Number of protein chains: 2
Amino acid sequence: MNELEALGYEMRDALNEEMKAVLLSNGRTPDLYYGMMHYHMGWRDRDLGLADVNAGKQIRPVLLLLVCQAAGGDWQKAVPAAAAVELLHNFSLIHDDIEDASPTRRGRETLWQLWGIEQAINAGDAMFALAHLALNRLYDRGVPAERVVRALRRFDETCVRLTQGQHADMDFEKRDRVTVDEYIAMITGKTAVLLSLCAELGALVAGQDDTTIAHYAQYGLDAGLAFQVIDDILGIWGDETLIGKSASTDITTKKKTLPVLYGLEHSADLRQLYTQEETDSAFVQQAVTLLNQTGARDFATTKATAYTQSALGNLEAAHPSGPAYTALNQLTDMLLKRDY
Amino acid sequence: MNELEALGYEMRDALNEEMKAVLLSNGRTPDLYYGMMHYHMGWRDRDLGLADVNAGKQIRPVLLLLVCQAAGGDWQKAVPAAAAVELLHNFSLIHDDIEDASPTRRGRETLWQLWGIEQAINAGDAMFALAHLALNRLYDRGVPAERVVRALRRFDETCVRLTQGQHADMDFEKRDRVTVDEYIAMITGKTAVLLSLCAELGALVAGQDDTTIAHYAQYGLDAGLAFQVIDDILGIWGDETLIGKSASTDITTKKKTLPVLYGLEHSADLRQLYTQEETDSAFVQQAVTLLNQTGARDFATTKATAYTQSALGNLEAAHPSGPAYTALNQLTDMLLKRDY
């Protein structure tokens, strides 16, 4: 077991205990109000019987706790913040599933599929409120009130950015043209700001100074951007056996990812090709050829590398230390050192 | 102009200025993300041109500010809290309109009608986050951090209760039988807790002790319950020319209000009648006769009077003072001294 596995195991245990305390999951059968949330978290099945379903990788809360410890704090003190970001993430999934009309998540039916859109919207709202209550519990663990107020403010400023990202994402689906800059702004909101908040809150609870907090926040932001751009590259040129989905899916669904948007900006032939309804294997082959010709892969790779370098530089500048730093490096490698 | 009109005018001005600051409404044309929210607030039309549409009575924030002043505080300091409860109320309206499939509100099309359910869910989430940021601004006006943390906690505990009330309300529509107790619990969540929060936050910002804060909170809760029960009575026996809608609407729509639920519990004939599909004027007449026979009106009137008495008793026990107290009494009379 390496540092990340060892620390991550202990941290996820504390995280899940905290989330269960906030969501009143105490072994007794919940009413449907809490039951819907417990189902979403994987703690209950659709009949509200006990369940223990994979609840995702919980990378964000673990990163938050590792930063807190590596920044000289006690990660146990930051558990309420870790619970808050994980509940925030789960709230956004409940509403995203409605907005994207997704029938399943993590191999199970989504809330709106089982209980209707109306109750699912409301369950998401409930979890959003409870995420805030989770964060408020920092005060109970001895974090000074000034820092709690600041944490809550950064939490909601991030929520604003998240909803801006989601607004843009839904808007892009209806538009013909989206620029590379608009796309970067969108993924900043949808992905990067939440990872940035995690790193920032970890350092804030550790009691760090503003300069150090800013380095951690920038590390999280750049890591989030690098992660998304690498995902975009692998979605076209990735090794199917490694990424577990057909590498051409992003092309057949005409998904507007970074390489595609760059290609569309620079190749009239690709723009012409993308007006085609049918996306058969000939379409995929031609699209990839055109993307390669425009240098879309190089462009995305250069971006990913730059974000990765900036993330690592900021992490170093924050002067983390101890086994949590080692674990943080392992986590960062897991996210960013993929073969792209 | 009486005290309520004079103070209310000044307070609403400050309230609207604060909400505009939080929602970045600064005279420049907003993007669609903010534009949807500005439209909902009545500041913009559907093409995002400037508008000035009636934005509701804003009773909750005015009550909050009056309590703050009557409790010995400076109402100006509490303006961020007033903005927060008004934005919270408006967030819940955006989602309620989707959940109830309401095509119009305040004489205009609802957000989901104009921009789709997906974007409207997201706009509600955005306003929920911004409501929190509004409350956080208490700190900028010199409210001690400990009180801000407490205000935020009570704010989100109230949001949990609100979503519980909404969950129950939607659940009741699908059920045949709802008890009087279940109904009281539901309106407590849907209506009373928010008014209670307003009174509580006003007293909290004024720096009052816990006993006084509790009296104000109970005053708000009881006033909210009394208001709703009086509405229920007027919905059946009210003077049509005074309440502005047909007094029989609640009967023809078979709405499960307090008198009806009491009647259904105590009259087999009414239960039998309510299995009927058709709700013509004979139905209305017979329903009202049966309700009168079971003593449903007396039951509801007794409840309304008891809640009103408790509200007034708690208000007195909180020892409010000054012109704001006079205005608070005028507001309370306006809400509760209706002819029922």
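The values are calculated or read from the model by the stated rules, or taken from the named source; none is laboratory data. From a predicted model like this one, the values you see are computed outputs, not experimental measurements. Don't worry about glycine lacking a Cβ; one is built from the backbone with ideal geometry, like all the others, and counts go over all protein chains shown.
Just to be sure, is A:Leu135 crowded, with 24+ Cβ neighbours inside 10 Å, within 11 Å of chain B (Cβ to nearest Cβ) and within 16 Å of A:Glu86 (Cα to Cα)? Explain how you work it out, then say what you get.
Values: crowded, with 24+ Cβ neighbours inside 10 Å: yes; within 11 Å of chain B (Cβ to nearest Cβ): yes; within 16 Å of A:Glu86 (Cα to Cα): yes.
In short, yes.
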task = Give the residue, chosen from B:Ala304, B:Ala296, that is in contact with a Pro (Cβ under 7 Å, 6 or more places away or on another chain), of a type in the set (Gly, Ala, Ser) and modelled with pLDDT of 95 or more.
result = B:Ala296
Matching residues in region A:1-25 - criterion: being surrounded by 15 or more Cβ atoms within 10 Å (Cβ to Cβ), touching a residue at least 60 places away in the same chain (Cβ under 8 Å) and either more than 14 Å from every other protein chain (Cβ to nearest Cβ) or touching a Cys at 6+ places or on another chain (Cβ under 6 Å) (or both) = A:Glu3, A:Leu4, A:Leu7, A:Gly8, A:Met11, A:Ala14, A:Leu15, A:Glu18, A:Met19
task = Residue by residue through region B:140-178, note down the ones that are among the hydrophobic types (A, V, I, L, M, F, W, C) and within 24 Å of A:Gln119 (Cα to Cα).
result = B:Phe155, B:Cys159, B:Val160, B:Leu162, B:Ala168, B:Met170, B:Phe172, B:Val178
query = Would a scan of region B:165-182 turn up a residue that is buried (at least 18 other Cβ atoms within 10 Å of the Cβ), of a type outside the set (Val, Ile, Thr), away from chain A (no Cβ under 14 Å) and touching a residue at least 40 places away in the same chain (Cβ under 8 Å)?
reply = no
task = Please note which helices (runs of 4 or more DSSP H) are completely contained in region B:246-340 and include at least 3 residues that are without any contact (Cβ under 8 Å) to a residue 12 or more places away in the chain.
result = B:268-273, B:281-294, B:296-317
ask   = Of (1) within 30 Å of A:Asp171 (Cα to Cα); (2) crowded, with 18+ Cβ neighbours inside 10 Å; (3) within 9 Å of chain B (Cβ to nearest Cβ), A:Trp112 satisfies all except one. Which?
value = (3)
Scan of region A:42-59 for residues that are more than 14 Å from A:Arg105 (Cβ to Cβ) and in contact with a helix residue (DSSP H, G or I) (Cβ under 6 Å, 6 or more places away or on another chain), ordered by number = A:Arg44, A:Leu48, A:Gln58
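Please verify whether B:Val193 is of a type outside the set (Gly, Ala, Ser), crowded, with 19+ Cβ neighbours inside 10 Å, more than 10 Å from every other protein chain (Cβ to nearest Cβ) and touching a residue at least 60 places away in the same chain (Cβ under 8 Å), treating the condition exactly as stated.
The answer is no for B:Val193.
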query = Only one of B:Asp239, B:Asp222, B:Asp169, B:Asp210 is of a type in the set (Asp, Glu) and at pLDDT below 95; which?
reply = B:Asp239
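Aliphatic (A, V, I, L, M) and in contact with a Leu (Cβ under 9 Å, 6 or more places away or on another chain): does that describe A:Leu50?
Working: aliphatic (A, V, I, L, M): yes; in contact with a Leu (Cβ under 9 Å, 6 or more places away or on another chain): no.
No: the conditions fail for A:Leu50.
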task = Tally the residues that are free of Cβ contacts under 8 Å to residues at least 40 places away in the same chain, within 30 Å of A:Glu200 (Cα to Cα) and among the hydrophobic types (A, V, I, L, M, F, W, C), restricting the search to region A:99-124.
result = 1
request  = Within region B:140-154, track down each residue that is in a helix (DSSP H, G or I), more than 8 Å from every other protein chain (Cβ to nearest Cβ) and hydrophobic (A, V, I, L, M, F, W, C).
outcome  = B:Ala151
inquiry  = Restricting to region A:26-80, and then to whatever is in a helix (DSSP H, G or I), free of Cβ contacts under 8 Å to residues at least 60 places away in the same chain and not hydrophobic (A, V, I, L, M, F, W, C), can you tell me which residue is nearest to A:Thr191 (Cα to Cα)?
reply    = A:His38
